[in-house]
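Note sheet for the following structure.
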Amino acid sequence: MTSTSSIQPHNGKLLVLLPGLGAVATTFIAGVEAVRRDLALPIGSVSQMQTIRLGQRSENRNPLIRDFVDLAPLSDLEFGGWDVFPDDAFDAAVRAAVLDSKLLDPLEDFLRTIRPMEAVFSREYVRRLDGPNVKSAKSKYDLAEALREDIRKRISETGADRAVMVWCGSTEVYMRPSACHDDIEAFVEGMKKNDSAIAPSQLYAYAAIMEGLPYANGAPNLSADSRALESLAADRGVPIAGKDFKTGQTLMKTILAPGLKARMLGIHGWFSTNILGNRDGEVLDDPDSFRSKEVTKQGVLDTILQPELYPELYGDLYHKVRINYYPPRGDSKEGWDSIDIFGWLGYDMQIKLNFLCRDSILAAPIVLDLALFLDLAGRSGLSGIQEWLSFYFKSPHVREGHIQEHDIFIQHVRLKNTLRVLAGKEPVTHLSENYTLEHL
Ligand SMILES: NC(=O)c1ccc[n+]([C@@H]2O[C@H](COP(=O)([O-])OP(=O)(O)OC[C@H]3O[C@@H](n4cnc5c(N)ncnc54)[C@H](O)[C@@H]3O)[C@@H](O)[C@H]2O)c1
């Protein structure tokens, strides 16, 4: 990345478009409005709460990130979205049952103004879902054109200057790229011929990129993760990022595993299971949707622990991930990790982690940060895959030939150094100024 401080200023409103107005999206929208009204704090949002160190630690220069880089302020945000169900954001938030009525009721008037546009949806890709608010057209190409029209309409309705899109829709069945994903010509042809390898989330990503909107994918879906859409984004100067918000059990895994590895403690096995009862859990109850999740969750330990470099410590690691749909819990997930580790001379130990988490409470600030950072990336002239946003994802979307980075601490340093470079400042290496033997 080249050092630049030529960020286009954030004039005017920023429209955040969300395919999928479910638990995560409504918790995000209601949360932003609650913060704007001083009813709550944006806890969990790096862009809003975190400081960034400049220069040496002793210089004590620690501005808030949002004061340091030119991010759109929350007061500039407008919202829009699509969903298979016609519920407005208030009804959808009540249904999702993440936020209580004490927080939601004062926001009712505002949330009722956000009504979902008709979705591009097919049960072929999300089998456990069916709803009436769905577009119909002859071809997938026509559906993508209709989404582009929706984007332009919502921009004009809200008077927004710029827009970004963050996928908050359901997890689609597991898919691999096929011939129609090789390049954009094949992709357009595929849409026109209704190729079954093109799922709705890919049409949203295509529409966003064609309209110049930065795009983030919060689910494990293929979506923008194909040569065709990667090159389209690079050619059109549009930043993209994905996949699958890093919350809950995987967040804990990428916090714990780097620490165990740093101390050269071995791991025999890592068993992760959880129960959750929200609509996401219901969708993931379908084995083909679960397969998409399993793949994004599974890769994490291998890249952090590097068993090829440390075969004695991690060569035989058995990693198992289970998700169980259990309606009584709603959005309040309970996760258990049983980790079998070993230390000095091979002696065994165990770690038990019981995380009573709230999925959407962990995901909502990620949506906010991605919207603001992708808008910043767009105004800074960055395009294509934004690996510096890996921090937010279970399965970071990386350029062909690059290896995903899962270690949250490395991801965090990279995120902040990218912000420093974008603002024309020096990256921080955590070494002292005169890194010589006498100064260690
Ligand atoms: N909550 C978390 O911690 C978390 C973490 C990582 C990833 N995710 C992913 O984020 C997504 C949203 O999670 P959620 O808990 O809000 O789920 P949810 O089921 O509450 O919301 C998803 C919404 O998307 C809608 N939808 C599905 N397909 C659509 C389409 N093609 N177009 C428009 N709308 C569509 C559904 O009707 C639903 O309202 C899921 O894919 C989930 O796997 C969530």
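Quick notes on this one:
- Qualifying residues in the stretch 30-84 (those that are of a type in the set (Gly, Ala, Ser) and surrounded by 18 or more Cβ atoms within 10 Å (Cβ to Cβ)) - the one nearest to the chain's Cα centre (by Cα): 45
- The stretch 325-345, residues that are surrounded by fewer than 18 Cβ atoms within 10 Å (Cβ to Cβ), within 15 Å of the ligand (Cβ to nearest atom) and more than 27 Å from residue 259 (Cβ to Cβ): 326, 327, 329
- All conditions but one from (1) away from the ligand (no atom under 13 Å from the Cβ); (2) touching a Pro at 6+ places or on another chain (Cβ under 9 Å) apply to residue 306; the one that does not is (2).
- For residue 398, the stated conditions hold: it is assigned to a loop (DSSP other than H, G, I, E, B), under 20 Å from residue 217 (Cα atoms) and either at pLDDT 95 or above or not assigned by TED's automatic domain parsing to the domain that holds residue 268 (or both).
- Test: residue in the stretch 369-382 that is within 16 Å of the ligand (Cβ to nearest atom), farther than 30 Å from residue 183 by Cβ and at pLDDT 95 or above: yes
- The listed residues are 67, 76, and the only one of them that is in contact with a His (Cβ under 8 Å, 6 or more places away or on another chain), more than 26 Å from residue 332 (Cα to Cα) and not polar (S, T, N, Q) turns out to be 76.
- Screening the stretch 271-315 for residues that are among the small types (Gly, Ala, Ser), over 19 Å from the mean Cα position of the chain (by Cα) and farther than 26 Å from residue 26 by Cβ and picking the one that is surrounded by the fewest Cβ atoms within 10 Å (Cβ to Cβ) gives 315.
- Test: residue in the stretch 251-260 that is in contact with a helix residue (DSSP H, G or I) (Cβ under 6 Å, 6 or more places away or on another chain), within 14 Å of the ligand (Cβ to nearest atom), at pLDDT 95 or above and among the small types (Gly, Ala, Ser): no
- The stretch 61-95: number of residues that are more than 19 Å from residue 17 (Cβ to Cβ) and of a type outside the set (S, T, N, Q): 12
- For residue 312: the one exception among (1) away from the ligand (no atom under 16 Å from the Cβ); (2) in contact with a Leu (Cβ under 6 Å, 6 or more places away or on another chain): (2)
- Residue in the stretch 78-92 that is among the small types (Gly, Ala, Ser) and away from the ligand (no atom under 16 Å from the Cβ) present: no
- The residues of the stretch 390-406 that are touching a helix residue (DSSP H, G or I) at 6+ places or on another chain (Cβ under 6 Å) and either buried (at least 21 other Cβ atoms within 10 Å of the Cβ) or under 13 Å from residue 215 (Cα atoms) (or both), listed by number, are 390, 391, 392, 394, 395, 396, 406.
- In the stretch 235-273, the residues that are closer than 18 Å to residue 404 by Cα and hydrophobic (A, V, I, L, M, F, W, C): 240, 241, 245, 251, 252, 255, 256, 257
- Members of the stretch 314-331 that are part of a strand (DSSP E or B) and in contact with a helix residue (DSSP H, G or I) (Cβ under 7 Å, 6 or more places away or on another chain): 319, 321, 323, 325
- For the stretch 7-45, a residue qualifies if it is away from the ligand (no atom under 16 Å from the Cβ), in the same structural domain as residue 380 (by TED's automatic domain parsing) and among the β-branched types (Val, Ile, Thr), and exactly one does: 35.
- Every condition in (1) over 22 Å from residue 156 (Cα atoms); (2) outside any helix (DSSP H, G or I) is met by residue 78 except one, and the failing one is (1).
- Residues of the stretch 337-395 classified as free of Cβ contacts under 8 Å to residues at least 24 places away in the same chain and either touching a Phe, Trp or Tyr at 6+ places or on another chain (Cβ under 6 Å) or within 25 Å of residue 79 (Cβ to Cβ) (or both), total: 1
- Qualifying residues in the stretch 221-250 (those that are more than 16 Å from the ligand (Cβ to nearest atom) and of a type in the set (Ser, Thr, Tyr)) - the one surrounded by the most Cβ atoms within 10 Å (Cβ to Cβ): 226
- Some residue of the stretch 334-354 being under 22 Å from residue 217 (Cβ atoms) and not charged (D, E, K, R): no
- When restricted to residues that are free of Cβ contacts under 8 Å to residues at least 12 places away in the same chain and not in a helix (DSSP H, G or I), the stretch 221-259 contains 0.
- For the stretch 93-104, taking the residues that are assigned to a helix (DSSP H, G or I) and touching a helix residue (DSSP H, G or I) at 6+ places or on another chain (Cβ under 9 Å), the one that is nearest to the ligand (Cβ to nearest atom) is identified as 96.
The values are calculated or read from the model by the stated rules, or taken from the named source; none is laboratory data. Since the structure is predicted, the reported quantities are computational estimates derived from the model, not experimental observations. Every residue, glycine as well, gets a Cβ built from its backbone with ideal geometry; the counts of neighbours run over all protein chains shown.
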